[in-house]
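J.: Input: one structure, supplied below.
Taken together, the values in this text are just the output of simple stated rules run on the coordinates, not laboratory data. Predicted model, so just to flag it, every value in this text is computed and none were measured.
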Amino acid sequence: MNRIRRCCRGCRIAVGLASVGAVLAGFPMQALCADLTVQVHDAKGAPVEDAVVFAEPLAGATSQKTAHTAEIAQLKRTFIPLVTVVRVGTEISFPNNDPFKHHVYSFSPAKTFDLPLYSGKSAPPQLFDKVGTVVLGCNIHDKMIAYVQVVDTPYFGKTDAQGTVRLEGLPNGKYELKTWYYGLPSRKQTLSQPLVMQDAESTASFSLDVVRTLPPPLPGH
């Protein structure tokens, strides 16, 4: 049976053609939507993992903002995950799973904070309320580093080992599709392209000006 998908508050509702009349009679028309698959690769065509991809609508509000939470753990002197993407207004906690203490901090304009030496889950969660890139470090272990990309849209994701990410339920309309990658020079870490969604499965791709996925630079470098 043919089906029609509609978006309602970020959720997709499948409606059989036979019941379209009943649906239209009882409910307001909702914006048609579809999914977008994005491929990110380097200059040689190799997939790029941990690239953030997000779609910013060019007209109107994206959707009602609700409180969200996320977690960046510390284990074996490593932040897990290396890259996190959240919507503005998200609280992130930093549990320490190592048998020794860490001191988490950020000097980034989008979020400056300092969590002095602590163990376990004693450090308070931090509210990420500004759009931008936040670089995390540990004042005790200089090689520890992680990145938080804060976006103002509900349509975002992070590429997997195959360099692919799927953004679900984008309503019809025009967007600015962006990707951010920590391995690019700081002033060129974000690339963008126009995107038009028209109630059909869509694809897009980005080619990054790197010849390989780079190890994360140390804070201040």
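J.: What is the set of long-range amide H partners of residue 83 at a cut-off below 5 Å, with H atoms built 1.01 Å from backbone N?
T.: 147
J.: Further question: Which lysines have a Cα less than 23 Å from the Cα of residue 178, not counting those fewer than 8 places away in the same chain?
T.: Here the lysines satisfying the reach criterion relative to residue 178 are 44, 65, 111, 130, 158, 188.
J.: Something else about it: Near the amide H of residue 155, under 5 Å away, which other amide H atoms are found, from residues 5 or more places off or on another chain, if H is placed in the peptide plane?
T.: Amide H to amide H, under 5 Å and 5 or more residues apart or across chains, residue 155 pairs with 55.
J.: What does the convex hull of the Cα atoms of segment 36-185 come to per residue, in Å³, rounded to a whole number? Please list the in-between numbers first.
T.: Working: hull volume 18.8 nm³, N = 150.
Output value, Cα hull per residue: 125 Å³.
J.: Report for segment 51-190 the percent antiparallel among DSSP-assigned beta bridges with both residues inside it, nearest 5.
T.: Values: 30 of 40 bridges.
Approximately 75 percent, going by the DSSP bridge assignments.
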